[in-house]
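Notes follow once the structure below has been shown.
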Amino acid sequence: MPVTLNSTSSSYEGQSCATDLCAKPTAECVERASRNLTIGLINNMPDAALEATERQFLSLLESASEGFSIRLSLHSLPGVPRNEVGARHVSESYSSVEDVWEKRLDGLIVTGREPLTPNLADEPYWESFARVVDWAQENTYSTVWSCLAAHAAVLYMDGIGRVRNGHKYCGIFDCARLTDHPLLANAPTRFKLPHSRWNGVPENQLTACGYKVLTRTADAGVDTFLKEHNSLFVFFQGHPEYEHNTLLLEYRRDVGRYFRGESDTYPLMPRSYFDRDTVIVLTDFQRKLEAGREGLLAEFSGILEKASVKNTWRPTAACIYRNWLLYISAQKKLRLQGRPGAGEANRSAPFLVAANETPRPGVRVTSQDQARPRLLRAAR
């Protein structure tokens, strides 16, 4: 089913069928209402990646949404630096996070951004981010914290600081399942997901603070982990939402920074990502650059234009996100029936039942992400 994109706080109006029921609703009415989900996206990504991030999450939700009606609203945090173009787009398409404090979202997705300060708590948006964490615990059935947002959330909640690695974790990493948690129902035991980060959070500190690690990479640490509050918090250090060429564009950006003298270190090539011929050409290009040849930026761009990259992770990403939607739907159904839900007596049971459904992506996505979500932008 299509994902309906709402760009202002009016997205919550006219949805009584999804949130309120009569005194004695029928089972059919409860089932229908539990399949109508309101999801918020707090997009903190920098201006250059702002619209691409919207598209990535819209596409992923669409591919996981068969049988659901999803209304997605876009929100911005105060204090996030924007240039003129980014600020205009946010003004036209986003509502402030302040608009949701008195509302209830079924689910929430929060993204991160490259920090401006060594300590995340010194970021200009830290205070509003911390309020989002507190609000989400009481006003969503589940919240996804993506990459740097995951690092910021565990720092705020439990004082767990991220640890910088000697090189950037960038590429497609093999992830191993550590548990049969329902969020991973029907996912393979081992699968691949993109990662793009310098930092990680120590697994021993996570487990000591009550987090449950679901998946781990062999050499990049924890991949996905959870913590249960009144809301189920899901943390991704990787990026299941990435499109086929996202890592390519990030690699081009990082090499450009090296060319301009903004970085002293030539970036590592994304691992297990480019085809064999492209790897050979890019390796030779780096050798020529290190030998002191100048004027190579145009050559580098030409190499990337010819590169062959495929989205090998989308089926697994869609499976995980469908399980996430099933969990939210099951928790919402329990609330509509007046029964205990998340954070109460029988928290895990509805998740187990919901996850028995085999994920069926609503859109067949090709290796080049040619299938795009059928977006419906609600009238403002």
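No value in this document is a laboratory result; all are computed from the given coordinates. Everything numeric here is computed off the predicted structure, so don't read it as measured data. Reconstructed Cβ throughout: ideal geometry from the backbone, glycine too, with neighbour counts over all protein chains shown.
Here are a few things to note about the model shown:
- Looking at the stretch 116-263, the pairs of alpha carbons with a distance over 22 Å make up 44% of the total.
- For the stretch 270-336: rounded, prolate or oblate by the Cα gyration tensor [a/c cutoff 1.5]: prolate
- Listed peptides 191-198, 251-258 by packing density, highest first (mean Cβ within 10 Å): 191-198, 251-258
- Ratio Rg/Rh [Cα only; Rh per Kirkwood] for the stretch 246-306: 0.92
- 20 Å cut-off, amide nitrogen to a point 7 angstrom out along Gln137 Cα→Cβ, residues in the stretch 210-233: 210-213, 225-233
- For the stretch 210-224, 3J(HN,Hα) per residue [Karplus equation, 6.51 cos²θ - 1.76 cosθ + 1.60, θ = phi - 60°, Hz, x = Gly/Pro]: x, 7, 10, 7, 8, 9, 9, 8, 5, 9, 10, x, 5, 9, 10
- Potential extension, Arg104-Thr265 segment - 0.36 nm per residue separation minus Cα distance: 53.4 nm
- Remark: for residue pairs Lys310/Lys333; Lys310/Lys332; Lys212/Lys332; Lys168/Lys227; Lys227/Lys306, the C-alpha separation exceeds 31 Å in Lys310/Lys333; Lys310/Lys332; Lys227/Lys306.
- Amide H within-cut-off set for Gly40, under 5 Å, with H built and near neighbours excluded: Ser73, Gly107, Leu108, Ile109
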